[in-house]
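S.K.: Okay, here's the structure, questions in a sec.
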């Protein structure tokens with residue numbers, strides 16, 4: 001198996017599940033393998049943090065792969081753990097509150113469940129040597145700086161003396177309230193409740209050089225009793241001034257005559273928002289929000305939890321759950337950022353009519369469009385939101401919600417669970433490059449203290465098939481103790497480990513335990529775990545032999561990508577994944593492209609031909625990748641510049657018109673093209689050259705030449721379609737096809 005990358009997850013969110021029609025749910029099989037806590041320990045693939053601290057509520061708050069450290073916050077403690085071995089010389093800071101402050105907290109009646117402690121809720125990298133850390137401070141939030149040193153070998157981890165400041169607007173008072181944060185360019189953005197009673201929720205910007213900002217206070221149109229999940233920076237374009245920070249949260253919403261219900265939201269603000277000039281002074285003037293929906297079946301769904309965020313080109317994975325008197329279930333939904341941006345570019349929500357219901361705003365939209373960032377792609381001449389007209393600011397204050405909602409990809413969940421005694425609470429995703437293609441493996445945390453490993457496979461009927469590969473019990477406790485306290489940690493792209501935090505402690509797991517599937521080849525193969533393969537003796541980690549290389553070509557020239565199967569019964573297919581795209585498109589013989597049994601011939605190369613080419617062999621529905629290479633097409637100007645600098649002669653002008661081989665080129669190609677076709681090709685080319693030498697400008701000869709070429713193609717046509725009856729070919733008929741010549 002080849003590891004392309006492990007993506008880090010860093011988000012928690014909560015959503016609601018009504019509003020979509022009930023989807024038919026097929027019965028789900030139990031996990032192929034279930035490992036109890038004791039069985040998991042015996043495999044040697046799980047390691048628990050074993051230092052006994054008088055603490056609780058462990059949260060993995062930051063991964064630092066440059067220092068090979070993981071930073072964990074708990075009650076009164078800040079931990080720095082080695083990513084290679086979390087029990088190897090852990091660095092621990094004890095940061096409790098002063099006894100006087102704890103006494104005051106207890107007297108106020110807030111220590112019912114031990115809340116009068118310093119629960120660490122924020123750890124952000126301040127610079128290369130320091131962290132910015134905040135805790136609840138026994139209902140009096142405090143922040144400070146932690147010196148972590150320049151290199152991990154220094155083993156420095158200490159509080160900076162005399163650097164404690166207020167954590168108001170950065171960290172919540174109540175440890176039971178979720179908060180989110182992101183430190184960007186020296187400025188801290190936080191979604192947090194900023195008062196002792198927990199009634200004033202706000203999205204704050206503090207620190208840094210820009211003006212301190214917040215959402216409109218006590219305005220239910222903006223935020224209505226929200227539960228913050230995560231803040232995530234997702235660039236909208238190549239223009240830096242268009243950068244937006246997205247917030248994920250759940251809040252109460254209601255229509256007239258209906259009781260309030262939880263709804264999931266995605267909101268955003270511009271990083272360069274300075275607020276309004278007369279209205280919304282020191283308040284966000286670009287804040288917008290939209291609703292996220294996941295189609296979980298149920299009659300009286302109360303709440304849905306979207307507990308983790310994963311972005312990839314980008315794609316958002318969300319976990320939902322519904323608890324009610326009639327139905328209980330969980331689901332995983334996947335959202336596209338393209339769909340999210342489309343909703344933010346759509347109509348605004350507006351309440352009107354006799355029932356005062358939400359409707360699409362049909363009036364005049366002021367310029368610039370509300371929610372647009374200053375100095376960006378659409379407002380290059382406006383350097384600050386203070387330059388916006390008052391009508392734009394007033395419109396934003398009264399219309400922060402988008403009318404359209406964001407639906408998941410394919411408008412259905414990727415994974416669904418119903419009628420089970422647990423709920424999904426968290427998700428993390430790993431993309432695995434296996435021998436037969438690329439897989440996205442879902443690791444799902446549950447509220448009973450287990451982690452499930454799931455893959456979703458496509459089927460012929462445009463549906464999907466879910467496979468639960470394994471479920472492991474991470475903590476040895478009664479699972480009811482872990483409800484709502486089982487957040488999965490972050491991936492390390494270097495260590496290939498899953499880090500898990502809970503109310504009880506921290507552990508890290510290997511991503512695969514191949515030997516538990518069985519001792520025979522059939523059990524290993526039937527498991528269909530992309531991490532595993534049969535090596536002839538045992539089920540072990542899958543390291544396939546796909547050849548990866550980089551091949552260069554010059555614009556306007558010809559190149560040949562070699563791929564040859566050993567078996568005559570194999571069907572070969574080529575796929576191209578262009579740069580900045582996550583889709584693979586099949587390549588056919590047409591235009592400038594010629595597929596042969598020895599490889600792929602690309603003529604008159606263009607810059608659009610650059611990308612990753614994959615040659616896949618299929619035999620009796622078994623797929624195997626033979627060659628995977630990256631083609632880099634260099635411009636002729638670049639190559640000529642290099643040749644001139646080195647004193648070599650420049651390249652001749654290379655034509656990009658339809659290519660006609662010379663006699664010398666024909667002999668070279670003769671050695672690489674498939675032999676059964678040589679008779680036809682040889683006869684055609686010989687006739688072509690003889691006619692060309694006799695009367696190069698005779699139009700009748702050109703007509704004859706075109707006729708013979710057509711006959712040649714007709715004779716070759718049955719041969720090119722000899723594999724179209726395979727079941728695998730029928731799957732690909734639904735895929736999008738292209739050639740490298742397409743732009």
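Since every read-out is calculated from the coordinates, none of them should be taken as a lab result. Because the structure is predicted, anything quoted here is derived from the model rather than measured. Note: ideal-geometry Cβ built from the backbone for every residue, glycine included; neighbour counts use all protein chains shown.
S.K.: Going by a ≥ b ≥ c, the root eigenvalues of the Cα gyration tensor, does the range 139-182 fall in the rounded group (a/c under 1.5), the prolate group (a/b larger than b/c) or the oblate group?
M.R.: Here the range 139-182 falls in the prolate category.
S.K.: While we're here: What order do you get for 72-79, 532-539 when each peptide is scored by the mean count of other beta carbon atoms within 10 Å, highest first?
M.R.: Final packing ranking: 72-79, 532-539.
S.K.: By count of other Cβ within 10 Å, fewest leading, how are 278, 333 ordered? Mind showing how you got there, number by number?
M.R.: On the way: 278 9, 333 30.
Arranged by neighbour count, lowest to highest, 278, 333 become 278, 333.
S.K.: What length, rounded to one decimal in nm, is gained on full extension from residue 345 through to residue 93, with 0.36 nm per residue of separation minus their alpha-carbon distance?
M.R.: The residue 345-residue 93 span can extend by a further 86.0 nm.
S.K.: From the square roots a ≥ b ≥ c of the eigenvalues of the alpha-carbon gyration tensor of the range 401-471, which class results: rounded (a/c under 1.5), prolate (a/b over b/c), or oblate?
M.R.: Note, shape of the range 401-471 comes out oblate.
S.K.: Can you classify the range 308-435 as rounded, prolate or oblate using the Cα gyration tensor, where a ≥ b ≥ c are the square roots of its eigenvalues, rounded means a/c under 1.5, and otherwise it's prolate if a/b beats b/c and oblate if not?
M.R.: On the way: a/c = 3.23, a/b = 1.61, b/c = 2.00.
Because a/c hits 1.5 or more and a/b fails to exceed b/c, the range 308-435 counts as oblate.
S.K.: Given R₀ = 41 Å, what would the calculated FRET efficiency be for residue 569 paired with residue 638, taking r from the Cβ atoms and rounding to 0.05?
M.R.: 0.40
S.K.: Would you please put 133-146, 385-398 in order of how densely packed they are, using the mean number of other Cβ atoms within 10 angstrom per residue and starting with the highest?
M.R.: 133-146, 385-398
S.K.: Let me ask something additional. Peptides 240-247, 424-431: what's the order by average Cβ count within 10 Å, highest mean first?
M.R.: Going by the mean number of other Cβ atoms within 10 Å, highest first, we get 424-431, 240-247.
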